[in-house]
Amino acid sequence: MSVVLEVEGLAKSFGGVRAVQGVGFAVDAGEMLALIGPNGAGKSTCFNMLNGQLRPDAGRVRLLGRDITGMVPRRVWRLGVGRTFQITATFGSMTVRENVQMALLSHAGRLLHLWRPATDAFVAEADALLARVGMAEQADRVSAILAYGDLKRLELAIALANAPRLLLMDEPTAGMAPRERVALMELTAGIARESGIAVLFTEHDMDVVFAHADRIIVLDRGRLIAEGAPPAVRANPEVQAVYLGA
Ligand code: ADP
Ligand code: MG
């Protein structure tokens, strides 16, 4: 299995708060790696350092062997790090297909030259991505009227339009009903496996984590306290004490 992301000694403080301290891990192509831990453990701070939104105080981030530490988000995104956001970032007045076309145009770097509301560029590619996330039938809908779960799938299609090597998903299923959560993560896991995309995600619902993570890393107060396959992490007494509350 080839390594997509390698993180070493990552650290970030906010004033006196050591949000992340000496965190290191790796994610392989096609792997679903869950980053779990209680509120305030430093999960989002890690994500923000991985996509360039925050500059680490210390440590290294390597993508496919290339050092991307401290690069600005746009550059990191261009190198193949996708991110889905908790607040969905679609253009509500456009159709589902147009949103994906827009993302494909943007990925191709021709946004300003090519985009017109009636453009037919990338229609086939957009439809293929929509089919992949199970939204072929909603391609012509205005995205503002989508149900929340569909909006999340559209967001996934938009992220995939950038052909990411690594996908960062910070609480992707927040606000979704349990059945929708399972469906979204099942879909994501299938895409990760078939496309070799490395997925790093956070998730509060432990059923979802144990069902869809290939491996789990656990943060507590900024430190990595456990790493391993789901059954081992579930059985780890330290993890149970600080996180699962068992
Ligand atoms: P998680 O995502 O695991 O809930 P965060 O990474 O959001 O945790 O937060 C880790 C710690 O860093 C918390 O104590 C939080 O209050 C603090 N923190 C996060 N972002 C900031 C910031 N921009 N300014 C100050 N403190 C922050
Ligand atoms: Mg968070």
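Values quoted throughout were computed directly from the atomic coordinates according to the rules given, and no laboratory measurement underlies them. Bear in mind the structure is a predicted one, so any value in this text is a computation, not a measurement. Note that each Cβ is placed from the backbone with ideal geometry, even for glycine, and that neighbours are counted across all protein chains shown.
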Farthest towards the positive end of the dipole of segment 91-163, among S93, I145, A103 and with Cβ unit charges of +1 on Lys and Arg and -1 on Asp and Glu, lies the Cα of A103
Of the convex hull drawn through the C-alpha atoms of the chain, the volume per residue in Å³ is 125
One would report the antiparallel percent of DSSP beta bridges in the chain, rounded to the nearest 5, as 60
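How much space per residue, in cubic angstrom, does the convex hull of the C-alpha atoms of segment 97-209 take up?
For segment 97-209, the hull spanned by Cα atoms encloses 104 Å³ per residue.
Evaluate E = 1/(1 + (r/R0)^6) for A232 and D205, where r is the Cβ-Cβ distance and R0 equals 25 Å; express this FRET efficiency to the nearest 0.05.
It comes out at approximately 0.80.
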Taking Cα atoms, the helix 123-132 axis meets the longest principal axis of the chain at an angle in degrees (rounded to 10) of 40
GNM of the chain, Cα pairs under 10 angstrom: of P73, P178, P164, the biggest fluctuation goes to P178
Out of L63, H212, L187 - ranked by how far each Cα lies towards the positive end of the dipole of the chain, with unit charges on the beta-carbon of charged residues - the top one is L63
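Please compute the length gained on full extension between E186 and A108, using 0.36 nm multiplied by the number of residues separating them and subtracting their Cα-Cα distance. All intermediate terms of the calculation are to be shown ahead of the outcome.
Working: separation 78, 0.36 × 78 = 28.08 nm, distance 2.84 nm.
Result: 25.2 nm gained on full extension.
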GNM on the chain, Cα springs under 10 Å; top mean-square fluctuation among S143, S44, S13 goes to S13
Dividing the alpha-carbon radius of gyration of segment 91-163 by 2.2 N^0.38 Å, where N counts its residues, gives 0.98
Per-residue Cβ contact counts at 10 Å, fewest first, order R74, R141 as R74, R141
Most fluctuating of V96, V61, V17 in the GNM of the chain (C-alpha, under 10 Å) is V17
The ³J(HN,Hα) series, computed from each phi in segment 18-26 with the Karplus coefficients 6.51, -1.76 and 1.60 at θ = phi - 60°, rounded to the nearest Hz and given as x for glycine or proline, is 8, 5, 9, 9, x, 8, x, 6, 9
Amide H contacts under 5 Å for T95, restricted to residues at least 5 apart in sequence or on another chain and with H modeled in the peptide plane, are S143
